[in-house]
């Protein structure tokens with residue numbers, strides 16, 4: 001970025017807000033457009049040297065380098081429409097639905113008193129890591145193969161002959177090392193380093209993150225572009241698990257699949273579409289379990305007898321036998337700009353009800369200007385012999401967590417009543 005161009009080094013946008021005209025040179029504008037971070041980034045036809053920038057459903061903060069500029073990277077911050085504390089309530093359900101449902105009002109992620117995404121996430125990650133390390137840094141056995149001057153473990157005969165036939169030492173050995181360089185610590189270290197590369201992290205939080213990085217120094221840094229190392233939940237790493245889930249969510253928001261193009265970005269992005277879907281399906285799954293029903297996420301079905309037209313509803317609720325479907329639910333994180341919910345959603349839900357033989361289907365929206373509605377489909381009959389009814393529920397995300405969860409308890413109770421009425 002040319003320092004004399006007048007372009008800002010830090011751009012703040014809001015999720016799904018109207019486009020904002022920002023002074024940018026051509027290289028910077030093109031870098032933004034190629035990053036895939038924004039819904040749209042195009043030259044402003046009414047103002048020379050300006051670009052129209054509009055955020056979509058991604059929220060968070062990233063640093064975008066401008067190729068060939070020689071200047072500092074451009075930082076883009078995208079704030080959610082909902083309060084940050086509500087964003088972290090949704091994130092808590094995405095990470096651990098069962099625990100979030102039990103805790104109810106407060107969720108599982110402590111964002112502190114911060115009202116912006118970057119400080120809140122940095123605080124949350126640091127607090128979780130501190131809790132994980134309170135009893136000391138976790139260690140484990142790691143398989144190691146290396147060349148050594150002394151025998152340790154067992155000699156790898158094949159490698160010894162292939163590499164050093166007729167010569168000693170070194171020796172090719174293999175052994176299990178008890179070390180802090182294990183996947184769990186690598187993930188936590190990577191999360192602290194990701195946040196430390198961002199601007200906007202408050203000084204006290206930055207200092208605590210630096211302290212946690214020192215505690216994790218024996219863990220090798222992750223290689224950029226590689227998949228996160230796998231870890232297995234167990235009794236030994238139970239105290240690490242909340243921190244690991246949050247760290248993985250942060251690092252997943254820093255991976256290339258969230259950023260089409262070839263630019264390497266530092267930062268994180270959460271997709272509100274995914275968070276809302278995870279919240280709706282996770283909360284409703286826990287609600288129906290209280291009535292001894294089960295639910296499956298992204299359940300696979302087919303519309304036609306030849307099984308060529310595939311269907312994958314967000315959530316299908318089943319009776320106690322685990323085979324009889326009793327309800328189908330789809331979550332739709334829609335913007336307020338349309339003023340009404342698209343007919344395509346109704347067609348999709350009608351296909352779900354038809355394939356599953358259900359009388360009723362439920363669409364759950366993040367509330368916009370449209371209210372909750374019920375549509376009775378003409379000339380169609382479900383399992384109960386009456387017309388299929390499609391329900392559109394508007395969920396007000398600005399409501400308190402307890403009120404939000406009450407909506408799902410009410411919906412679960414309705415599903416149970418409908419199931420009992422049909423005598424299934």
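So that you can scan it fast, the table gives a plain yes or no per residue for (1) under 22 Å from residue 199 (Cα atoms); (2) part of a loop (DSSP other than H, G, I, E, B):
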{"residue": "28", "(1), (2)": "yes, no"}
{"residue": "32", "(1), (2)": "yes, no"}
{"residue": "52", "(1), (2)": "no, no"}
{"residue": "72", "(1), (2)": "yes, yes"}
{"residue": "75", "(1), (2)": "yes, no"}
{"residue": "82", "(1), (2)": "no, yes"}
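Would you say residue 109 is modelled with pLDDT under 90, more than 21 Å from the chain's Cα centre (by Cα) and surrounded by 20 or more Cβ atoms within 10 Å (Cβ to Cβ)?
Numbers: modelled with pLDDT under 90: yes; more than 21 Å from the chain's Cα centre (by Cα): no; surrounded by 20 or more Cβ atoms within 10 Å (Cβ to Cβ): yes.
It is false that residue 109 is modelled with pLDDT under 90, more than 21 Å from the chain's Cα centre (by Cα) and surrounded by 20 or more Cβ atoms within 10 Å (Cβ to Cβ).
Inspect all residues belonging to the stretch 366-389 and state whether any of them is assigned by TED's automatic domain parsing to the domain that holds residue 342, within 14 Å of residue 279 (Cβ to Cβ) and at pLDDT 85 or above. Before you say what the answer is, go through the steps one by one.
Initial filter on the stretch 366-389 (assigned by TED's automatic domain parsing to the domain that holds residue 342): 366-389.
Okay, now just the ones that are also within 14 Å of residue 279 (Cβ to Cβ), so 366-367.
Remaining after also requiring at pLDDT 85 or above: 366.
Yes, the stretch 366-389 contains a residue that is assigned by TED's automatic domain parsing to the domain that holds residue 342, within 14 Å of residue 279 (Cβ to Cβ) and at pLDDT 85 or above.
Against the condition outside any loop (DSSP other than H, G, I, E, B), at pLDDT below 95 and under 19 Å from the mean Cα position of the chain (by Cα), how does residue 228 come out, does it pass? Steps first, answer last, please.
Numbers: outside any loop (DSSP other than H, G, I, E, B): no; at pLDDT below 95: yes; under 19 Å from the mean Cα position of the chain (by Cα): yes.
Spelling it out, it is not the case that residue 228 is outside any loop (DSSP other than H, G, I, E, B), at pLDDT below 95 and under 19 Å from the mean Cα position of the chain (by Cα).
Can we say residue 33 is surrounded by 19 or more Cβ atoms within 10 Å (Cβ to Cβ) and within 17 Å of residue 22 (Cα to Cα)? Lay out the reasoning, then the answer.
Details: surrounded by 19 or more Cβ atoms within 10 Å (Cβ to Cβ): no; within 17 Å of residue 22 (Cα to Cα): yes.
Criteria not met by residue 33.
Can you tell which of 262, 257, 220 is part of a loop (DSSP other than H, G, I, E, B), modelled with pLDDT under 90 and farther than 14 Å from residue 191 by Cβ? Walk me through it before giving the result.
Working: 257 fails: part of a loop (DSSP other than H, G, I, E, B); 220 fails: modelled with pLDDT under 90.
Exactly one of 262, 257, 220 is part of a loop (DSSP other than H, G, I, E, B), modelled with pLDDT under 90 and farther than 14 Å from residue 191 by Cβ, namely 262.
The values are calculated or read from the model by the stated rules, or taken from the named source; none is laboratory data. Here the structure is a predicted model, which means the values were calculated and not measured. Cβ: placed from backbone, ideal geometry, glycine included. Neighbour counts: every protein chain shown.
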